[in-house]
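Single-structure report; data block below.
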Amino acid sequence: MYNDVVNKIKEYDTIVIARHIGVDPDALCSQLALRDSIRLTFPEKKVLAIGTGSSKFLNFGKLDKIENVSRALLIVTDTPDQKRVDSLNFSWGDYRIKIDHHPFVEKYCDLEWIDDSRSSTSEMILNLIFSTELCCDASIAELLYMGIVSDSNRFLFNSCDSYTFQAVSKLLEAYPIDLGKTYEKLYLRPMNEVRLEGYISLHMEITEHHLGYVVISDEVISEFGVDSASAGNMINDFNYIKEVLVWATITEDKKNDQYRVSIRSRGPEINKVVEKYNGGGHKYACGVRTKTLDEALNVIHDLDCLLEENDS
């Protein structure tokens, strides 16, 4: 598979790399690292990384302006289904490649490299670079490390195995990454976000079947001076609550007239629930966007029913 991807990269003078809406560190890091690696290896090629950015990740690197291109190679990272691809016009492409570590949802590319046993798409890009002629440098290495660390929640998830640690060890041996500064890029945050985390702790409802959830309204977001993405990204801060097996945040996104439901599990497989509502993700980490609060609460109800079934 590695050579299939690189051979296609060699064929095209113009390459556009996209990823999913609602950007997170793994999606952005895998996208930027692949772009920079191709540019470093083939400086004559035009390589663009596109999509909606986030103020939270401005220090990760710059995205490119969207351009009208034709007969390009389109590469989509970290995105299992076409409807969640951000800002990409598929008519630009002559050939499509998907690189993704989520469980299969649908085929929308000509070449689909899917490995849901990997911790992150960044780990897949790292293996691609180390297994082919694609080049790397310290800045690319830092991006890949951040993507892996973020999507594995600092190597806490079961998606990390000996192969993950071997790849990261090889990366750290080859490139001088300042781990302290790297973790600052990922985890340094303002006090208002810390205070919002306290609000979530105080207002989390816990059902008798060990489902924890909280609704974060636009008024609350405004009160704490954060954005909806920051609120939703706090989901991993509540991994180890004794009374909770599955937990969720419902965050109002008034700008886009929707609610973002982010869900995590420490046991039951939850991705099938959100797929009913056109969401997606991993077995134990997934999410969905709904148009109304009632629909978001229906997701919560179905999750609680899943936990009740597991109890019986």
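When residue 105 is evaluated against the numbered criteria (1) surrounded by fewer than 23 Cβ atoms within 10 Å (Cβ to Cβ); (2) assigned to a helix (DSSP H, G or I); (3) touching a strand residue (DSSP E or B) at 6+ places or on another chain (Cβ under 7 Å), which criterion, by number, is the only one it fails? The one condition residue 105 does not meet is (2). Would the stretch 51-71 turn up any residue that is of a type in the set (Asp, Glu) and buried (at least 23 other Cβ atoms within 10 Å of the Cβ)? For the stretch 51-71, residues of a type in the set (Asp, Glu) and buried (at least 23 other Cβ atoms within 10 Å of the Cβ): absent. If you go through the stretch 26-57 and keep only what is out of contact with any Leu (no Cβ under 7 Å at 6 or more places or on another chain) and modelled with pLDDT under 95, you end up with 52, 54, 55, 56. Looking only at the stretch 191-219, which residues are of a type outside the set (S, T, N, Q), in contact (Cβ under 8 Å) with a residue 24 or more places away in the chain and within 24 Å of residue 58 (Cα to Cα)? Matches in the stretch 191-219: 193, 195, 196, 197, 218.
Given 218, 302, 227, which one is of a type outside the set (Phe, Trp, Tyr) and more than 20 Å from residue 198 (Cα to Cα)? Only one candidate passes the filter, namely 302. Note on the stretch 132-162: residues that are closer than 17 Å to residue 100 by Cα and of a type in the set (Ser, Thr, Tyr) total 4.
The rows are residues; the columns are (1) assigned by TED's automatic domain parsing to the domain that holds residue 30; (2) touching a strand residue (DSSP E or B) at 6+ places or on another chain (Cβ under 9 Å); (3) buried (at least 17 other Cβ atoms within 10 Å of the Cβ).
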| site | (1), (2), (3) |
| --- | --- |
| 157 | yes, yes, yes |
| 163 | yes, no, no |
| 196 | no, yes, yes |
| 205 | no, yes, no |
| 217 | no, yes, no |
| 239 | no, yes, no |
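Residue 253 meets each of the listed conditions (1) within 29 Å of residue 158 (Cα to Cα); (2) of a type in the set (Asp, Glu); (3) touching a strand residue (DSSP E or B) at 6+ places or on another chain (Cβ under 7 Å); (4) surrounded by 17 or more Cβ atoms within 10 Å (Cβ to Cβ) apart from (1).
Just one of the listed residues (28, 58) is among the hydrophobic types (A, V, I, L, M, F, W, C) and touching a residue at least 12 places away in the same chain (Cβ under 8 Å), and it is 28. In this structure, residue 144 does satisfy being buried (at least 21 other Cβ atoms within 10 Å of the Cβ), in contact (Cβ under 8 Å) with a residue 60 or more places away in the chain and under 22 Å from the mean Cα position of the chain (by Cα). When the stretch 167-216 is limited to residues that are assigned to a loop (DSSP other than H, G, I, E, B) and among the aliphatic types (A, V, I, L, M), the one that is farthest from residue 293 (Cα to Cα) turns out to be 177. Each residue in the stretch 257-297 was checked for being over 24 Å from residue 102 (Cα atoms) and without any contact (Cβ under 8 Å) to a residue 24 or more places away in the chain, and 1 pass. Restricting the stretch 1-25 to residues that are touching a residue at least 60 places away in the same chain (Cβ under 8 Å) and of a type in the set (Lys, Arg), the residue that is surrounded by the most Cβ atoms within 10 Å (Cβ to Cβ) is 19.
Screening residue 125 against (1) free of Cβ contacts under 8 Å to residues at least 60 places away in the same chain; (2) in contact with a strand residue (DSSP E or B) (Cβ under 8 Å, 6 or more places away or on another chain); (3) assigned to a helix (DSSP H, G or I) leaves a single unmet condition, (1).
The values are calculated or read from the model by the stated rules, or taken from the named source; none is laboratory data. All values derive from a computational prediction rather than experimental measurement. Quick reminder, even Gly has a Cβ in these numbers, built from the backbone with ideal geometry, and neighbours come from all protein chains shown.
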